Each structure stands twice: as structure tokens, then as C-alpha cells.
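The values are calculated or read from the model by the stated rules, or taken from the named source; none is laboratory data. All values reported here derive from a predicted model rather than from experimental measurement. Neighbour counts are summed over all protein chains in view; Cβ atoms, including those assigned to glycine, are modelled from backbone coordinates with ideal geometry.
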Amino acid sequence: MFEHGYYGQFGGAFIPEILVSTFEELEAAFNKAKEDPAFFNEYQTLMGSYSCRPTPITFAENLSNHFGGARIYVKREDLNHTGAHKANNVMGQGLLVKRMGKKRVIAETGAGQHGVATATMAARFGFDCTIYMGEVDVARQRPNVFWMERLGAKVVPVTEGSRTLKDAINEAFRDWVNNMDTTHYVLGTACGPHPFPEMVQYFQSIIGKEARRQILETPGKLPDRVFACVGGGSNALGLFSGFLNDPGVELVGVEAAGRGIETRQHAVRLGTKDASIGIAQGYKTYFLQDRDGQMCDTHSVAAGLDYVGVSPILANYYETGQVRFESATDKEVVEALTLTVRKEGIIPALESSHAFAQAFKEAPQLSRDSVILINQSGRGDKDIFTIADAMDDPSWREFIIGKAEEYRARK
């Protein structure tokens with residue numbers, strides 16, 4: 001239930017007074033756009049002509065036969081422009097920026113896909129662009145950093161705190177406070193102060209709208225279970241929105257168990273004693289925090305899930321039981337990715353592979369008449385360094401060492 005920026009007890013807008021007028025301007029522009037049919041038509045046209053929508057669903061026949069249980073279908077957000085679901089939200093916000101007349105955008109990014117999408121949007125619309133990214137994520141997502149810079153964005157490594165996504169968000173907010181008259185913060189997930197959670201869910205709902213229509217056409221019935229990975233929550237909310245009102249469809253969100261929940265090196269916020277309700281980064285939700293409210297370090301092999309909080313909308317769904325939450329370890333995720341690549345020729349991102357891992361655990365328990373749908377929120381080529389390292393691939397290691405030696409010789 002949504003009221004004044006709250007979903008149950010979660011959400012809100014806990015912001016410094018200096019930003020109040022900026023948030024009021026954003027909320028007014030968003031509400032006006034929602035009420036204007038021409039805006040959504042413009043958005044759909046843009047996503048169709050520029051971002052390859054609608055993305056298809058794929059029947060994973062080989063995986064279905066391998067597990068011998070439910071028929072497995074995959075929503076292919078990896079085929080969206082820039083390789084992930086992030087473009088849906090970013091292009092929508094870009095249209096809002098045009099309406100507001102601002103000329104500069106900033107963003108945070110973890111896995112880099114949101115950064116690439118924002119830099120792409122800025123190039124498309126002619127905005128100046130700055131991307132904040134934790135120093136740890138800059139190192140493990142170097143290909144995405146390369147493309148952000150080629151697209152004209154300034155990438156700022158954040159060296160404070162854990163040097164990951166939460167720290168990039170903090171730095172982006174500091175920038176916005178100093179440049180709010182000319183700048184819009186393109187928040188990448190359904191977190192942060194109101195109206196960001198509602199706004200991101202609104203643009204990402206295009207995934208669920210398409211998926212519901214497609215699954216009813218092929219295989220001709222609603223899915224029994226729907227799986228999506230959960231970092232902040234944007235791709236999950238996008239897919240889940242298409243099936244929330246269907247009582248026969250079970251929605252499953254999959255968080256990052258990292259090296260194991262018992263190790264406390266994970267990013268599981270829902271259903272773990274390591275998390276509690278708090279207020280940070282402008283909103284109220286479950287955070288991984290200590291008794292004093294200090295944010296804990298998180299860990300996931302997937303940079304996009306390596307985040308201390310979770311969408312207030314998903315926190316509410318957790319408490320109301322509308323979504324079941326599970327988790328997958330780094331090891332399970334790499335195994336699921338490897339199997340998917342070998343069986344289907346599809347390369348999911350490490351984030352998306354969390355959803356695959358949980359679906360693979362449950363598929364054999366279901367009958368052949370059952371249908372499950374997995375959201376492949378992104379493609380895995382961005383993760384090549386991390387995946388090759390996790391697999392301890394000797395050929396890749398030799399390649400990297402050889403390239404480094406070549407570079408030193410040229411210098």
C-alpha cells in the first residue's frame with residue numbers, strides 16, 4: 001500500500017532541507033508525466049526504436065530436459081540496449097530531465113551497467129554526465145568503465161568506506177546537493193528517498209507487462225514461479241509487477257549469500273539476523289547494520305548485488321508475504337552460470353545468475369506441466385574478469401599477464 005512515499009512502514013524521504021525543493025520539483029514533474037498519455041507513448045516509442053523492446057522470452061529446452069522438472073523460460077533483458085534492464089529506467093528518467101530543462105546528469109553504479117546506461121542516455125540526449133563508482137567496482141568492472149568514458153562520461157572512483165555501491169550513492173548525493181539547479185541524479189535502483197522507488201518501479205514495469213503477455217502466448221499459461229535477483233530491487237520489481245495480482249503465481253527474489261550467510265560476508269537483507277530496520281541514504285528499509293546503526297561491509301561476487309540496503313517496496317512485500325526471498329552463494333552462482341552457458345548458449349550476468357541458481361534448485365521438484373520464468377536482467381560479458389578469476393581459467397590468466405607485459409614493453 002503506497003501513501004506519501006511509504007510502502008507499509010518502509011520508504012519515506014529523509015533528506016536535507018536544502019534538497020526539499022529539488023525533490024518537490026522531481027515529484028511534480030514525474031506525476032505530471034504519468035498523467036500525460038503522450039509521455040508513456042513517447043517512452044514506449046523510444047524504447048522500441050532505440051532499445052530493442054520488447055525483449056523476448058526464451059524457452060530453455062536443454063535446461064528443462066536436464067533438470068527433468070518444470071519448463072524453464074527466460075525473460076531476455078540482456079538483449080536490451082546496453083545489455084541490461086537498466087536502460088528502461090534510465091531512458092525514462094532522461095525524458096523527465098528533458099521536461100525539467102536540466103543539462104547535467106549524475107549517477108552511481110556498482111556492476112557498471114547502470115553507469116553505461118546513464119552515459120548512453122546522456123550521449124543520446126546531449127547531457128553532461130558524471131558517474132560515481134566505488135574503487136573496488138572500478139577494478140572488477142573495468143570494461144564498463146572503459147565504455148562509460150568512451151561515451152563521454154566522467155567516471156569518479158570513490159575511495160571512502162567499503163569503496164562499493166553504498167559509497168558511490170553517498171558521493172552522488174553530495175554532488176547533487178552542490179549542483180541541484182542544473183543537475184538530475186539518475187538513481188539506478190528502486191531505493192533512496194521518494195519518489196525514486198516509485199519512479200524506478202514505474203519505468204521497469206515494462207518488463208512485467210511484456211513478460212505477462214508473452215508467457216500467456218507461449219507456453220499459453222501463467223508461470224507457477226517467477227525468479228529474479230535482488231540487489232536494490234529494480235529488475236525484480238519490474239518483472240514481479242506483471243504478476244502481483246495473480247494468486248497462482250509465486251514470486252521469488254534471490255539475494256546474494258556471498259561466501260555464506262554464516263560468514264557474514266554476504267548481502268542478504270531480508271530474512272537474516274544480520275539485517276535490521278533503519279534509516280539511511282534518505283529512506284527506511286532493512287539494512288545490514290550493527291547495533292549502533294553503522295552500515296556493515298557486504299560481499300557478493302556480483303557487484304550489482306553488493307549493497308547494504310533493499311528497496312522499501314520489496315521490504316514491504318517481504319513483510320506481507322507477497323514475495324518469497326531466498327539466497328544463493330557465490331559458488332552456486334558460478335555453477336549456475338557455467339551450466340547455463342554450456343546448455344543454452346546464453347551468458348547471464350553474475351547478478352542474474354543468482355535467479356538461475358535458485359530456479360535450478362526448485363525446478364526438479366516441480367512437474368513437467370509447471371512453468372517457471374527467470375529474469376535474465378543482464379548479460380555476462382561485463383563480468384569476464386570476475387568470472388575468469390572465479391573459474392581460475394589458466395588461459396585467461398596467461399592472456400592478461402601477456403597483455404600487461406606488452407603494455408610495459410611499449411612504455
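So, N89, is that one among the polar types (S, T, N, Q), out of contact with any strand residue (DSSP E or B) (no Cβ under 8 Å at 6 or more places or on another chain) and without any contact (Cβ under 8 Å) to a residue 40 or more places away in the chain or not?
no
Which of the following residues is surrounded by 18 or more Cβ atoms within 10 Å (Cβ to Cβ) and not aliphatic (A, V, I, L, M): G68, G5?
Matching residue, one of G68, G5: G5.
Would you be able to say whether some residue in region 108-120 is surrounded by fewer than 24 Cβ atoms within 10 Å (Cβ to Cβ) and more than 24 Å from T182 (Cα to Cα)?
No, there is no match, as no residue in region 108-120 is surrounded by fewer than 24 Cβ atoms within 10 Å (Cβ to Cβ) and more than 24 Å from T182 (Cα to Cα).
Quickly run through region 281-297 and pick out the residues that are surrounded by fewer than 21 Cβ atoms within 10 Å (Cβ to Cβ) and free of Cβ contacts under 8 Å to residues at least 40 places away in the same chain.
Across region 281-297, the qualifying residues are Q289, D290, R291, D292, G293, Q294, C296.
What are the pairs, 6+ residues apart or on separate chains, where a residue within region 393-411 that is assigned to a helix (DSSP H, G or I) has its Cβ under 7 Å from a residue that is surrounded by 10 or more Cβ atoms within 10 Å (Cβ to Cβ)?
Once the first residue is assigned to a helix (DSSP H, G or I) and sits in region 393-411, its partners that are surrounded by 10 or more Cβ atoms within 10 Å (Cβ to Cβ) give W396/A388.
Within region 356-411, can you find the residues that are surrounded by 19 or more Cβ atoms within 10 Å (Cβ to Cβ), of a type in the set (K, R) and either touching an Asp or Glu at 6+ places or on another chain (Cβ under 7 Å) or more than 29 Å from D306 (Cα to Cα) (or both)?
Of everything in region 356-411, just one residue is surrounded by 19 or more Cβ atoms within 10 Å (Cβ to Cβ), of a type in the set (K, R) and either touching an Asp or Glu at 6+ places or on another chain (Cβ under 7 Å) or more than 29 Å from D306 (Cα to Cα) (or both), namely R379.
Considering R397, R410, R368, which residue is touching a Lys or Arg at 6+ places or on another chain (Cβ under 8 Å) and of a type in the set (K, R)?
Only one candidate qualifies: R368.
For the condition outside the structural domain of V226 (by TED's automatic domain parsing), at pLDDT 95 or above, aromatic (F, W, Y) and surrounded by fewer than 24 Cβ atoms within 10 Å (Cβ to Cβ), what is the one hit in F125, F173?
Selected residue: F125, the only one of F125, F173 that is outside the structural domain of V226 (by TED's automatic domain parsing), at pLDDT 95 or above, aromatic (F, W, Y) and surrounded by fewer than 24 Cβ atoms within 10 Å (Cβ to Cβ).
In this structure, is G260 at pLDDT 95 or above, on the phi > 0 side of the Ramachandran plot and touching a His at 6+ places or on another chain (Cβ under 8 Å)?
In short, yes.
Looking only at helices (runs of 4 or more DSSP H) that lie completely in region 5-115, which have at least 2 residues being under 30 Å from D383 (Cβ atoms) and within 21 Å of the chain's Cα centre (by Cα)?
37-50, 86-100
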